[in-house]
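Values quoted throughout were computed directly from the atomic coordinates according to the rules given, and no laboratory measurement underlies them. None of these values were measured; they are calculated from a predicted model. Heads up, the Cβs are rebuilt from the backbone with ideal geometry, glycines too, and the neighbour counts pull from every protein chain shown.
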């Protein structure tokens, strides 16, 4: 919008009606003045003649009365003509002003109707161009904003549906792979083609591991469903972060061997008494998803996870870094998006685009913020304010 003052509809109606009244009164005054002047001049001449005759002749007095009677009739006729002319002028001027006022109102209404018809037909790119009365200009601008919002939502929904379709295809693949392995293992055991007990145990362990992969995927999908439907309340409690992280790392060391994955922990704070109101179960889920992401996509034979806890004056930061290949810079802003799986090489690996999305959702629900950067690998930073006002939902 430009900075020139805008007339409102009320102002425009007031101005036009006031102008119409002033113009009509002015014209009526001029017309009445003209007819009155004409009549007075004629009456003055006749009166002088009649008065002179009445003085010299008594019979003329009666004629004078009769003449004035005729003049009164003429005056009434002239007055009626004057009134009729004023009415005609009133109707004509009213028509002109009403036509102008109607144009002020119908032009933006027609523009809005045309815009609504375009939206109805699916054309969301053409905007309404209108400059005039403030109310209608505001209405047209809001219509354009609404149209742009619909267009943005349509574009977003198309991307979302494509991502959802890709996710379903990926999940189908992720479920089919371990299911096929389990079926092959069981078939081999049923047909008794396993030569030794050692190989039989190996087959059984492989099938069990694949079943665990399927269980984790199904659990993740179930958790995602609860997130989307809002059926995931948080159990917020005071958590001592240094103790929580050390216990978490200790449990992971019992699962992963050093040649497969090493977890390092550093702490930058003056005390171990760093507490926040968080959901310990969901915080564990966050750490698990971050480790799972590094295991899948780091692309190095011996993975090193570095967890650091940093206490600042206003916030507490948990950095989760690996020594992998990182993420391409153009992909980095999207790794927390729903169903995002990165580039083609990442799509070839097991993954469904839910892990980091769940991480961001949980961090946000616990009043935190999350960010990612490439620092000799992928580094994910989780920031919580010290005065965490999160309430239990």
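Some points to look at:
- Calculated FRET efficiency for the pair residue 150/residue 92, C-beta based, R₀ 35 Å, to 0.05: 0.15
- The residue 169 and residue 235 beta-carbon pair, evaluated with R₀ = 41 Å, returns a calculated FRET efficiency of approximately 0.75.
- For the range 178-281, Kirkwood radius (reciprocal of mean inverse C-alpha pair distance, Å): 17.9 Å
- FRET efficiency for the residue 255 to residue 314 pair, using the beta carbon distance and R₀ = 35 Å, is estimated at 0.50.
- Ranked by how many other beta carbons lie within 10 Å on average, peptides 275-285, 124-134 from highest: 275-285, 124-134
- Burial order of peptide ranges 215-222, 313-320 (average beta-carbon count within 10 Å, highest first): 313-320, 215-222
- As computed over the range 227-325, the Cα convex hull volume per residue (Å³): 127 Å³
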